[in-house]
Structures are given as structure tokens and as C-alpha cells.
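Engineer: Before I ask anything, let me first share the structure, which is written out below as C-alpha cells.
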Amino acid sequence: MKVSRLILTAALAAIVNGPQAFAHISYTDRQFGTLSYYTPATILPVAANRTLSSSFGWADATDANWGDSHRGRFYSFTLASTSTVIVTAERSDNTLIQTGAAGVFLPAFSIYKGIAPASTHDSSPNTVNWLRSQFGNTAVAESFTDSNPNSVWDTNEPFTDTNNNAVWDSAGLGDAIDGYSGKEGAANALGNWRIYSDGGAFVDFEHVGHAADGTSANFGNAAGITGDDVADGYVTAMFTDLAPGNYSVFLAGASNLAQFTEPGPSTFPTYTVGLTLQAIPEPCSYALIAGAGALGFLSLRRRRRA
């Protein structure tokens, strides 16, 4: 069941833009800062550089060959103390800004412990070498019947679905000399992953949780996906007992097959999406707050009696 929209007022518009804006993972102007339960929600104003492109980036990062982090946007937040965090994403369909059709985008997000250093990206030599070290360098593209023929796989053409993700997969990041990793990118929407900068700095993203709008009919059949069962452009989730520290939110699209139906790679449709983060105290914090209030009330009564 979805959390009532009256509880969380989604007011941040993240504008989805073209891939040229996604050279590296960046948090510039997408930093929520330190979340506090003293305010009802943490909201960032609309800005043109809070952008992402395509409607499939999150779903594509759920299958066995992972996905391209450039197809999503990264936000950061910090917790000073153990907290419960509520994340809500909702499409806004701002047709004055987006180039994609209204009513199409289905949001999904993953939360990770950790923040990426500057200039980390999927195709850096260090990232590719790490992927090869973890998954080998002998991957080959899945075969398909090019019935058109146009030298690319079309969704109606038969293919060998080696990893059972319902779409054709390439050999992944790598090259003919050192081999291919079998990974389209470094992003793993359902688990831990690592990504490097060209200079060798890296982050190990520790998966905390995720939520996706809709069902397997749109986000695919990868095991373990938490969908909200209603593909209506709105999804919210609560993450409890998050330890103090720095976190990242990966926000992207949940329409798996769109990676082969949307035009690209330089002209992916763009969309607008709302994102709101809210921290609420843990039960022990509630007790402390209530206790402090009760002590204050008793003290006030004593003073009045005196």
C-alpha cells in the first residue's frame, strides 16, 4: 500500500535531460544536506542541473549485466544520528521543460551508504578493470536474429536470453584487446557496487534499499525488486534504522523495455520528476522527545503551584 500523499508533499522537480549532461557522477546542486526530523520534509528548489534522461535507467540496472549510471541522477544526504528516512518520487509531467510525453515516466530509486568522489564514471579505465577483475573478461554479446536487417536488435526479433532479463545484451564494457566484462555499466540498483574515477579514486556503494513504481510488467523480472504494484508515476518507501553517515540516492526510470524503444543514445526523451526526503526519529527518539515534553510539563505545573 502506498503512503498517503498527504503525509509527504513532493515538491522537488528534477528535470530529466540529455546524456551530454552525464559525464560523471555528480551531486552538484543535488545535496539535501543533513536531514532532521525537526522539519516536515527536506525539499530542494527546481534547478536545470537536477536532470536525468530516459525512462529506463533504474530498471536496466536491476538485471545481471547491471546498468549505466549516466541514465540516472544522484542525490546526497547526511544523517547525524540513527533515523528513519522516507523517500518519495513522483513524476510532474512539466511539459514546458520535458521533451518526453506526459504520463510516461515511472520513477524508481535506490539508496546507498556512501558518496562518490568527483569524476567517477562507468567507462573510466579503473572502473572497467575492476569489473573485469570481478566478472572476468570473456563475455560475448547474446546472439539475435537480425530479421530487418539493420544490425541492431529489435524487440520483436528472437534472441538468446542468456541472463533471462527479457532484453538483448551486448558484451558489455571492455575492449577487444583486454576483453569484455559483460556489464553495461557499474550501476547495480539492487545491490552493492563500486565505481572509479580516472585518477583511481572510488566509492563502494552499500545498498540500503530501493522502491519502484509499478510491477514486473514495466520494471522487468529481476528477483528481489520491491514494486508498489500500481504504475501511476508515484512511489514512496520508508527506510528504518539508518546509521549516521553519508548516503546517495540513485533516481531513474523503471520502464525496462524502453531502453530499446526510446530514441537514443544522444536524443533520449527527457522528463520531470519530484523527489522529497524526510527524516523521522526512531522509536527511542520518540520516547526521549515525549519524556522531555512530560518533564517540562510537570516542571511547569510545579512552578504554577508554587
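Engineer: Kindly indicate whether any position in the stretch 69-92 is assigned to a loop (DSSP other than H, G, I, E, B), closer than 17 Å to ALA186 by Cα and not small (Gly, Ala, Ser).
Structural biologist: Taking every residue of the stretch 69-92 in turn, none turns out to be assigned to a loop (DSSP other than H, G, I, E, B), closer than 17 Å to ALA186 by Cα and not small (Gly, Ala, Ser).
Engineer: Would you check which residues across the stretch 234-277 are assigned to a helix (DSSP H, G or I) and polar (S, T, N, Q) and list them?
Structural biologist: GLN259, THR261 - these are the residues of the stretch 234-277 that are assigned to a helix (DSSP H, G or I) and polar (S, T, N, Q).
Engineer: Do you know which of the residues in the stretch 166-177 that are open to solvent by 10 Å² or more (accessible area, probe 1.4 Å) and out of contact with any helix residue (DSSP H, G or I) (no Cβ under 7 Å at 6 or more places or on another chain) is nearest to ALA223 (Cα to Cα)?
Structural biologist: Restricting to residues being open to solvent by 10 Å² or more (accessible area, probe 1.4 Å) and out of contact with any helix residue (DSSP H, G or I) (no Cβ under 7 Å at 6 or more places or on another chain), the top hit is ALA166.
Engineer: Looking at GLY57, is it surrounded by 23 or more Cβ atoms within 10 Å (Cβ to Cβ), in contact with a helix residue (DSSP H, G or I) (Cβ under 8 Å, 6 or more places away or on another chain), of a type outside the set (A, V, I, L, M, F, W, C) and at pLDDT below 90?
Structural biologist: Against the criterion (surrounded by 23 or more Cβ atoms within 10 Å (Cβ to Cβ), in contact with a helix residue (DSSP H, G or I) (Cβ under 8 Å, 6 or more places away or on another chain), of a type outside the set (A, V, I, L, M, F, W, C) and at pLDDT below 90), GLY57 does not qualify.
Engineer: Which one of these is among the hydroxyl-bearing types (Ser, Thr, Tyr), farther than 16 Å from SER110 by Cα and open to solvent by 10 Å² or more (accessible area, probe 1.4 Å): THR272, THR226, THR267, THR236?
Structural biologist: Exactly one residue qualifies, and that residue is THR267.
Engineer: Please verify whether GLY191 is on the phi > 0 side of the Ramachandran plot, at pLDDT 95 or above and either open to solvent by 30 Å² or more (accessible area, probe 1.4 Å) or not in a strand (DSSP E or B) (or both), treating the condition exactly as stated.
Structural biologist: no
Engineer: Do we find a residue being in contact (Cβ under 8 Å) with a residue 24 or more places away in the chain, among the hydrophobic types (A, V, I, L, M, F, W, C) and assigned to a loop (DSSP other than H, G, I, E, B) anywhere in the stretch 202-217?
Structural biologist: no
Engineer: Being surrounded by 21 or more Cβ atoms within 10 Å (Cβ to Cβ) and touching a strand residue (DSSP E or B) at 6+ places or on another chain (Cβ under 7 Å) is the filter; apply it to the stretch 209-223 and report the residue that is nearest to ALA166 (Cα to Cα).
Structural biologist: PHE219
Engineer: While we're on this one: If a residue must be assigned to a loop (DSSP other than H, G, I, E, B), open to solvent by 20 Å² or more (accessible area, probe 1.4 Å) and on the phi < 0 side of the Ramachandran plot, how many such residues does the stretch 93-120 contain?
Structural biologist: 11
Engineer: Something else now. Within the stretch 178-188, can you find the residues that are among the acidic types (Asp, Glu) and either farther than 25 Å from ASP213 by Cβ or surrounded by fewer than 18 Cβ atoms within 10 Å (Cβ to Cβ) (or both)?
Structural biologist: ASP178
Engineer: Can you work out which of the residues in the stretch 126-165 that are assigned to a loop (DSSP other than H, G, I, E, B), among the aliphatic types (A, V, I, L, M) and out of contact with any Phe, Trp or Tyr (no Cβ under 6 Å at 6 or more places or on another chain) is most open to solvent (accessible area, probe 1.4 Å)?
Structural biologist: Taking the candidates together, the pick is VAL140.
Engineer: Could you grab me the full set of residues in the stretch 244-258 that are surrounded by fewer than 24 Cβ atoms within 10 Å (Cβ to Cβ) and polar (S, T, N, Q)?
Structural biologist: Across the stretch 244-258, the qualifying residues are ASN246, SER248.
Engineer: As an exercise: evaluate GLU206 against (1) surrounded by 20 or more Cβ atoms within 10 Å (Cβ to Cβ); (2) under 22 Å from the mean Cα position of the chain (by Cα); (3) at negative phi and give the number of the one condition it does not meet.
Structural biologist: (1)
The values are calculated or read from the model by the stated rules, or taken from the named source; none is laboratory data. Keep in mind it's a predicted model, so treat the numbers as computed, not measured. Quick reminder, even Gly has a Cβ in these numbers, built from the backbone with ideal geometry, and neighbours come from all protein chains shown. Heavy atoms of the whole protein, side chains included, go into the accessibility calculation; ligands, DNA and RNA do not. Shrake-Rupley method; radii C 1.70, N 1.55, O 1.52, S 1.80 Å.
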